Amino acid sequence: MATGAIGITVGNPTDVVKVKMQGQGVDVLEGRPKKYSGTLDCYMKCYQEGGIGKLWTGWSPNVVRNSVMNAAELAAYD
């Protein structure tokens, strides 16, 4: 469980960017322009909107999810 918590702590900014980039697909379908031109643009705009803490939005639910997932995978695979 600890490795899951450590892993998502390091990887949470990437998860936030992934979700934001996926969410802009709905905007395009509804005729609105894309908010982000690419991954680095999304990182920069998140940082500009809310500082470094914005990149760790949703950290606590992600820690729980990833910790449980890692523990289950360890039990199932090993």
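Quick note: the coordinates plus some simple rules give every number you see, no bench work behind them. Here the structure is a predicted model, which is why all the values come from computation and not from measurement. With ideal geometry, Cβ positions are generated from the backbone for all residues, glycine too; neighbour counts draw on all protein chains shown.
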Computed label-point distance, nm, for sites Leu74 and Ile52 using a 7 Å Cα→Cβ extension:
2.9 nm
Cα extents of the chain along the three principal axes, largest first, in whole Å?
47, 28, 17
Only helical DSSP H runs with n ≥ 4 go in: add -39500 (n - 2.57) per run for the chain, normalise by residue count and round the 222 nm mean residue ellipticity to 500 deg cm²/dmol.
-26000 deg cm²/dmol
